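Report on the following structure.
Just so it is clear, none of the values below were taken in a lab; they were calculated from the coordinates. If you're wondering where the values come from, they're calculated on a predicted model, not measured in any experiment. Neighbour counts run over all protein chains shown; Cβ positions are idealised from the backbone, glycine included.
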């Protein structure tokens, strides 16, 4: 199984008054990783909309927080594909502190393939499914 | 069972290029509701820190998205207490479109009581537990 | 001269590791105040788009920070109209700590009236100009 | 005169319902660039606090918006030092669309050197001033 990894340095605005990354920002890190994953596979949200007429709205989001992340920490976010259904994909994320290798957070995002016109769930384009398959976790 | 409700009007910055509220912002709406709930019970995060020497870090966050929310929609967020453990509380949230009463999103936040000094989980102060109990869902 | 005032309670996510409101969030407070001002005048961004076919993109933003704002502080944001040009409006903002009446920040936003179709600057609809005039500062 | 440049790819959450980057996010891009600039010079906010006992709070922020930036655009942010005073530094920023070289936005941040203990403005440490000088614009 392949996985996709990217690095994110914690910026000042990511932190809150507890001097750690605000919990909601991990979801932004997940999505940024998903964007870079697509970029790496050779496409992006906008191209998917234009080419296939579909959006990828999120229908479920989950995160467990293990350790705090602080300003300027370098986080390594690892994405794998947990499940590919006909009309939905579940992405799994692991966030590690790059310096210590400790797991900071783990979570997932489930996205559906939705027609931009009707808003209804539609099949994920074959071309995209094929690119996701190598990243499917066991 | 009591519940706590608050209204949040969707602002422009809450939306994204799909012209709906960005999924990560629902976690901010959850936390804002939790803050107003505490406010309503007569305390706030800062006072808890000062009085009891504890933070309330989040250890788990979850959300299911049912319908999109748009700019200027008035959302009614309802909080109930799902579970009170010795050192943790699980808050449940339901987000409805105030105008249509449709459920927009549902989710939860699990927060632990952590010593500000040691960082370790500690018992939730009795005084707080007593105030939360009436909001415990069946 | 009339002014429009609204209250904003500082939420946890508004703060950063210096335990004060992140400077960029004041611009979000300005815009939220502008939205509530329009709401109060009986319209909103979306209705302006639909009725007049115009957006109100920001062309300039400025803020001076005088005092820090902290978690749970109640801020009073006051909006007045600094200037009405044919195709642009400059809004002035004063942010006070509600409890102490101290000025926290002062700034402005200049917005233009832009055709949604062409993207070009166009005259602000007369109907809107008339509603803004009473708020014009001397 | 030297300048510091960094690249920022626009993420989905940076955009708003007008399908462009929300104006407030340019201030976050400015600060991120400042952080990477310090990183490049061999220090960061936290180290300045620990070593010199000073924060760098922002006292003024300004931005002019020339062209919209869209999802997935690669922005090149260029930082130069506009002014070095005894207790304050003014950073100038130019944001260009990397692909077209068009100027998207221009602005500045003025930061002061403030004692963490007293909160009062203090001299910028000599060591930092020396590192900033080569980036001073004419």
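General observations
- 5 Å binning of all Cα-Cα separations within region D:12-77, expressed as whole percents from 0 upward: 4, 14, 21, 20, 14, 13, 9, 5, 1
- According to the calculation over all Cα-Cα pairs in region A:53-114, the P(r) per 5 Å bin from zero is 4, 18, 23, 18, 14, 11, 8, 3, 0 %.
- Calculated on C-alpha atoms, the gyration radius of the protein assembly as shown divided by its Kirkwood radius gives an Rg/Rh of 0.95.
- Nitroxide proxy distance, nm - points 7 Å out along Cα→Cβ at residue C:41 and residue B:51: 4.4
- Ellipsoid fit via the Cα gyration tensor, chain C: semi-axes of 28, 16, 13 Å, each the root of five times an eigenvalue, largest first.
- Degrees between helix A:25-41 axis and first principal axis of chain A (Cα, 0 to 90, nearest 10): 50
- Helical runs assigned H by DSSP (4 residues or longer) give the protein assembly as shown a calculated mean residue ellipticity at 222 nm of -7000 deg cm²/dmol, each run adding -39500 (n - 2.57) before division by the residue total.
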